[in-house]
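S.K.: So that we are looking at the same thing, I have put the structure below in structure tokens.
The values are calculated or read from the model by the stated rules, or taken from the named source; none is laboratory data. This structure is a prediction, so every number in the text was calculated from the model and none was measured. When we count neighbours, we look across all protein chains shown, and the Cβ atoms used for this are built from the backbone with ideal geometry, even at glycine. Accessible surface areas use protein heavy atoms only, side chains included; no ligands, DNA or RNA. Shrake-Rupley method; radii C 1.70, N 1.55, O 1.52, S 1.80 Å.
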Amino acid sequence: MDYRYLGKVDHLIHDLIKEEERRQKHGLELICSENYVSAAVMEAMSSVLNNKYSEGYPGARYYGGNEVMDKIESEAIARAKTLFRAAHANVQPHAGAPANIATYFGLCEPGATILGMDLSHGGHLTHGHPVTHIAKVFRFVRYKMKSVETGEIDYDEMRRVAIAEKPKIVLAGFSAYPRELNYKAMRAIATEVGAYAVADMAHIAGLIAGGAARNPFDDGFDVILTTTHKSLRGPRGGMILTATPELGKKIDKAVFPGFQGGPIMQMIAAKAVAFREALQPEFKVYARQIVVNAKALAERLMEQGVKLITNGTDNHLMLADAVASFGCHGGEAQTILDEVGITLNKNMIADDKRPAMSPSGIRLGTPALTTRGMKEAEMRQVADFIVRAIRAGSNDELPRIRKEVEELALRFPVPGIA
Ligand code: DSN
């Protein structure tokens, strides 16, 4: 992009942004929660909407001058509802963690129990990890996979825990789980114990929007929350959707005034633009290709002897056991791959004995490379680069691989970067 004014006013920040553009363009992005937004989404993000305070909701604001903001937020809400077949949408959460926290407060009293996925089996920090403040306010209990070879969740054990612990929320959702959840089974457990069924679909929102993953509302879920910047390919932010208008009222109160102040209106406009993009037929093709690409990448990695947790993937991500596959921990693998221009992240694997800063696994996924137009053939190439780099006998080989990575990356433009 051309940053005309920034280039004159602040050389340092201008040059650092250009340096990051270069990194994105010349490298291969495999962090499964990252993506490249369109130039249209970026324009909305950097607009004069930044200048306005709009506490409240469309038609009920605390400040004057919100006529235009009301139209923008109403449009974002309408598009979100259409995209996910929701009765109500709150597009104000600043990010995923605030969306989670507002949902907990909207549906439960402090002290209530929430049943979520174990962090090392794929759950997320905001699902009650002890290091978070929210774990001091609510009581989190866990479910896990029955087998790390198939990824099947232990629904019998989940039901047993639910009956014993009486959660107010049964929480479906993950940040490092490569299989599809059985929402029907979770809904049934929630109904049996009188809990809300809530899905945190942050990772797979784009897959759901594009019809490449199941929509939990179709299985009777009450609330879905998400970020907007992962597979959904929008601006950084969050959103909460509900199955009924009554639940929507609880959520709205919990977001504002319960938890947040002024909404970030330029991001809400950018969310509206991203939702419009996701409503186009091309987005369905994109969402399906993300999954096709993930399967191709997973297959090729496994052919090369890489041990994947659950032995494959149904969605956009996969987790590899770096210790078993390469004899190094996830942090070492991540560092080597950084050197060749491939970005992914170290990650805990199920019941990991290693610490979070040097866990046993690496996590990778395909939303970003699919946005660049890469398909199965490129995925196989990427898998080969990864294996060659981590198994490289000497550091001399890494510059050669880096050159090949760059050649591949430069054949597929990043949206918004010339
Ligand atoms: N940081 C996101 C992820 O990578 O999964 C979730 O917060």
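S.K.: Limited to the range 48-79, what total is found for residues that are over 24 Å from L279 (Cβ atoms) and under 26 Å from the mean Cα position of the chain (by Cα)?
M.R.: 1
S.K.: Next question, about the same structure. So, in the range 1-43, exactly how many residues are among the small types (G, A, S), more than 16 Å from the ligand (Cβ to nearest atom) and under 28 Å from Y286 (Cβ atoms)?
M.R.: Total satisfying the criteria: 4.
S.K.: Let me ask you something else. Any idea which residue in the range 307-330 is nearest to the ligand (Cβ to nearest atom), counting only those that are hydrophobic (A, V, I, L, M, F, W, C) and open to solvent by less than 10 Å² (accessible area, probe 1.4 Å)?
M.R.: Filtering the range 307-330 for residues that are hydrophobic (A, V, I, L, M, F, W, C) and open to solvent by less than 10 Å² (accessible area, probe 1.4 Å), the one nearest to the ligand (Cβ to nearest atom) comes out as L317.
S.K.: Within the range 407-418, track down each residue that is touching a strand residue (DSSP E or B) at 6+ places or on another chain (Cβ under 9 Å) and either at pLDDT below 95 or in a helix (DSSP H, G or I) (or both).
M.R.: Selection gives L408, A409.
S.K.: Tell me the strands (runs of 3 or more DSSP E) entirely within the range 196-295 that contain at least 1 residues that are of a type in the set (S, T, Y), within 16 Å of the ligand (Cβ to nearest atom) and at pLDDT 95 or above.
M.R.: 223-227
S.K.: If I filter the range 75-96 down to residues being assigned to a helix (DSSP H, G or I) and open to solvent by less than 40 Å² (accessible area, probe 1.4 Å), which single residue comes out as farthest from the ligand (Cβ to nearest atom)?
M.R.: Ranking the candidates gives I77 first.
S.K.: Can you tell me which residue in the range 331-352 is nearest to the ligand (Cβ to nearest atom), limited to those that are assigned to a loop (DSSP other than H, G, I, E, B) and of a type in the set (G, A, S)?
M.R.: My answer is A350.
S.K.: Separate question: Could you please give the count of residues in the range 1-25 that are more than 17 Å from I417 (Cβ to Cβ), part of a helix (DSSP H, G or I) and over 31 Å from the mean Cα position of the chain (by Cα)?
M.R.: 4
S.K.: Here's something else I'd like to know. Which residues, counting only those in the range 353-401, are within 16 Å of the ligand (Cβ to nearest atom), in a loop (DSSP other than H, G, I, E, B) and not polar (S, T, N, Q)?
M.R.: A356, M357, P359, listed by residue number.
S.K.: Answer yes if at least one residue in the range 182-192 is at positive phi and either of a type outside the set (K, R) or part of a loop (DSSP other than H, G, I, E, B) (or both), and no otherwise. I'd like the intermediate steps shown before the answer.
M.R.: So the first thing to find is which residues in the range 182-192 are at positive phi, and the list is none.
No: zero hits.
S.K.: Does L398 satisfy being touching a residue at least 40 places away in the same chain (Cβ under 8 Å) and surrounded by 23 or more Cβ atoms within 10 Å (Cβ to Cβ)?
M.R.: No.
S.K.: Restricting the search to the range 97-137, which residues are within 12 Å of the ligand (Cβ to nearest atom) and either outside any helix (DSSP H, G or I) or among the β-branched types (V, I, T) (or both)? Break it down into steps so the answer makes sense when it comes.
M.R.: If we filter the range 97-137 for residues that are within 12 Å of the ligand (Cβ to nearest atom), which is where we start, we get 97-100, 119, 122-127, 129, 132.
Across the range 97-137, the qualifying residues are G122, G123, H124, T126, H129, T132.
S.K.: Within 16 Å of the ligand (Cβ to nearest atom) and in contact (Cβ under 8 Å) with a residue 40 or more places away in the chain - does that describe any residue in the range 149-172?
M.R.: Step one: filter the range 149-172 for residues within 16 Å of the ligand (Cβ to nearest atom), giving 171-172.
After this cut, where a residue has to be in contact (Cβ under 8 Å) with a residue 40 or more places away in the chain as well, the list is 171-172.
Looking through the range 149-172, at least one residue is within 16 Å of the ligand (Cβ to nearest atom) and in contact (Cβ under 8 Å) with a residue 40 or more places away in the chain.
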